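Since the structure comes first, as structure tokens, the remarks are kept for the end.
The values are calculated or read from the model by the stated rules, or taken from the named source; none is laboratory data. On a predicted model such as this, the values are computed, not experimentally measured, just so you know. Neighbour counts run over all protein chains shown; Cβ positions are idealised from the backbone, glycine included.
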There are 2 protein chains.
Amino acid sequence: MELWYSEEQTENVRLSLKVKEQLFTGQSDFQKVDVFDTYEYGRLMTLDGLVMVTEKDEFIYHDMIVHIAMAVNPEIKKVLIIGGGDGGTARELMRYQGIEHVDMVEIDKMVCDVAKDFFPTISSELDNPRLSLYYEDGVAYMKGKKNQYDLIIIDSTDPVGPGEGLFTTDFYTDCFNALTDSGILVNQNESPVYEQFAREAIRANEKLKKIFPIVEVYQAQIPTYPSGYWLFGFASKKLHPLRDIQAEAWNQLNIKTKYYNTDLHLGAFALPTYVKEYIENGSI
Amino acid sequence: MELWYSEEQTENVRLSLKVKEQLFTGQSDFQKVDVFDTYEYGRLMTLDGLVMVTEKDEFIYHDMIVHIAMAVNPEIKKVLIIGGGDGGTARELMRYQGIEHVDMVEIDKMVCDVAKDFFPTISSELDNPRLSLYYEDGVAYMKGKKNQYDLIIIDSTDPVGPGEGLFTTDFYTDCFNALTDSGILVNQNESPVYEQFAREAIRANEKLKKIFPIVEVYQAQIPTYPSGYWLFGFASKKLHPLRDIQAEAWNQLNIKTKYYNTDLHLGAFALPTYVKEYIENGSI
């Protein structure tokens, strides 16, 4: 007998990974959480049947959601993560000695518990004393926050289910207010390849552009996410991700990364023409 | 009843596309050729069960196998395509008025015939009078050629089956000799994500480095190829793909592309650290 995990990336496309065994299944108040041990990608966590993280390719997503902003402003001291329950984003942030404190607001405690139990290399910094972990709704948490964070990372699921409120204009406005005057917001922003994802990416981008003076989109290759091609948003009050990159300062920190480097940083913003046109036109 | 085309990308990973109907199946002297009409990617041609081309994402591969070299030397006049039976590479080349002649050597006439019958938007230039199409073995064709081409594009299948000889040192040496003194060779060079592909990519790169003074690797996101992340090789006698790019001259040609642009050209050579290390070390 062969076991396979299959994700319906769209109703017409499936990615399937051969599985050694299922290690966990649970239903939290928010979503179904499963852990599989796969042959090609090591351990895999899914939320409501969608790939959240695998041991083999998580470094790509976590490098790209953290180091781009940190290279633009290596002086960042206070960071907020919305979501990020597996701990990978916190792990990458903790490599910066200059970061004084990270608040992390994850709505679903089960995700963190499962990460600690089954993904020790990803969740390794969730008990770091520089991290405060709140099991709360990110949308509610942001209300009324002013001038507190140099960087906010929205490490969310897709804009359906528990992640939905994290793609709204109200939430982005609360984030803007919670940022310091050199503040940066980074969000995971879906794939441009499949129409339903692309529409969400464009919509989120349009909302950010109404609030932040600088909004740019960058890309990474994440094989286990739909289409393997993923976008991130970079929204900022004054620092530009290309003009203000502090490549030399970042390289002097000597942080070893498997995906990110400061040349790739520049290339990550050089989008294919069809993606540029989606973003410029605000529609497909 | 639902029809799905499933590709075993590795023995542990499958990509499946929902199919409206199968339009063609045939066995040539070299390989099995199938055409499916898929919901997400339009028409799909497979060779021995592996994705060769789809209507939806072919522009990415064909942009990237042609325009990188053409932007480095917009004066290219004589081109050789090895493989490329679907016609997409020839189509992109024919957009350059400065190209005087293209020779195309495709071992399998059935691939061209099927492309003409089922992929009219891809095969549209296969009857162009500036193109000479030879149904021959590319390895044999190259023997003894001297100083004839400004650009050779190896648009091959994987290094198993009919494509195998196109990944050898002897063949690359014949290509070197067939190139003019500003000659460029471009080859499709597999994915770095899965070990068996990555080993082939590294091996091909090591062979090229023994023959050509300039050898660089560049990348593109091709959703229907294994992992969605694909590499190309750029080998050259004297022109460097970054230092010698003629961005302004290329942009003045006003060739509309959906993927390639001259900013992306630079970004395409900014590889993730893990890929750079594979290539520098010559091993995984």
Scanning segment B:138-169 residue by residue, the ones that are over 16 Å from the mean Cα position of the chain (by Cα) and of a type in the set (Asp, Glu) total 1
Of those in segment B:248-283 that are of a type in the set (A, V, I, L, M) and assigned to a helix (DSSP H, G or I), the residue farthest from A:ASP263 (Cα to Cα) is B:ALA249
When segment A:121-137 is checked residue by residue, the ones that are in a loop (DSSP other than H, G, I, E, B) and under 19 Å from the mean Cα position of the chain (by Cα) are A:THR121, A:ILE122, A:SER123, A:SER124, A:GLU125, A:LEU126, A:TYR135, A:GLU136, A:ASP137
Within the bounds of segment B:31-39, is there any residue that is aromatic (Phe, Trp, Tyr), in contact (Cβ under 8 Å) with a residue 60 or more places away in the chain and not assigned by TED's automatic domain parsing to the domain that holds B:SER227? no
Checked against (1) outside the structural domain of A:ALA198 (by TED's automatic domain parsing); (2) under 30 Å from A:ILE245 (Cβ atoms); (3) not aromatic (Phe, Trp, Tyr), A:PRO74 satisfies every condition except (1)
Matching residues in segment B:206-230 (under 25 Å from B:ASN147 (Cβ atoms) and away from chain A (no Cβ under 14 Å)) number 9
Scanning segment B:13-22 residue by residue, those closer than 18 Å to A:GLU11 by Cβ, more than 8 Å from chain A (Cβ to nearest Cβ) and not aliphatic (A, V, I, L, M) turn out to be B:LYS20, B:GLU21
Scan segment B:113-124 and tell me whether some residue there is aromatic (Phe, Trp, Tyr), modelled with pLDDT of 95 or more and closer than 24 Å to B:ASP174 by Cβ. no
The condition of being over 22 Å from A:LEU44 (Cα atoms), assigned by TED's automatic domain parsing to the domain that holds A:SER236, surrounded by 15 or more Cβ atoms within 10 Å (Cβ to Cβ) and in contact with a strand residue (DSSP E or B) (Cβ under 7 Å, 6 or more places away or on another chain) holds, among A:ILE122, A:ILE152, only for A:ILE152
From the option list B:ASP127, B:ASP86, single residue qualifying as buried (at least 19 other Cβ atoms within 10 Å of the Cβ), over 22 Å from B:ASP174 (Cα atoms) and either of a type in the set (D, E, K, R) or in contact (Cβ under 8 Å) with a residue 60 or more places away in the chain (or both) is B:ASP86
Check your understanding: Is it true that some residue in segment A:236-259 is within 23 Å of B:SER227 (Cα to Cα) and out of contact with any helix residue (DSSP H, G or I) (no Cβ under 7 Å at 6 or more places or on another chain)?
Key -> no
Of those in segment A:237-281 that are charged (D, E, K, R) and facing chain B (nearest Cβ under 10 Å), the residue surrounded by the fewest Cβ atoms within 10 Å (Cβ to Cβ) is A:LYS256
Just checking, does segment B:9-16 include any residue being among the small types (Gly, Ala, Ser) and at positive phi? no
Residues in segment A:151-203 that are within 18 Å of A:ASP86 (Cβ to Cβ) and part of a helix (DSSP H, G or I) total 4
Conditions (1) within 15 Å of the chain's Cα centre (by Cα); (2) modelled with pLDDT of 95 or more -> B:GLN188 fails only (2)
Checking the structure you have, find out if any residue of segment B:23-40 is in contact with a His (Cβ under 7 Å, 6 or more places away or on another chain) and either away from every other protein chain (no Cβ under 14 Å) or at pLDDT below 95 (or both).
no
In this structure, does A:LEU80 turn out to be in contact with an Asp or Glu (Cβ under 6 Å, 6 or more places away or on another chain), within 23 Å of A:TYR172 (Cβ to Cβ) and crowded, with 22+ Cβ neighbours inside 10 Å?
yes
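Can you find a residue in segment A:8-16 that is more than 30 Å from A:ASP263 (Cα to Cα), of a type in the set (A, V, I, L, M) and not in a helix (DSSP H, G or I)?
yes
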If you go through A:THR10, A:THR54, the only one that is more than 21 Å from A:ARG130 (Cβ to Cβ), within 14 Å of chain B (Cβ to nearest Cβ), surrounded by fewer than 23 Cβ atoms within 10 Å (Cβ to Cβ) and touching a residue at least 60 places away in the same chain (Cβ under 8 Å) is A:THR10
Within segment A:157-185, restricting to residues that are crowded, with 22+ Cβ neighbours inside 10 Å and in contact with a strand residue (DSSP E or B) (Cβ under 7 Å, 6 or more places away or on another chain), the one that is modelled with the lowest pLDDT is A:THR157
If you go through A:GLU92, A:GLU106, the only one that is within 27 Å of A:ARG243 (Cα to Cα) and either of a type in the set (D, E, K, R) or without any contact (Cβ under 8 Å) to a residue 24 or more places away in the chain (or both) is A:GLU92
Of those in segment A:193-205 that are within 14 Å of chain B (Cβ to nearest Cβ) and farther than 23 Å from A:THR89 by Cα, the residue modelled with the lowest pLDDT is A:GLN196
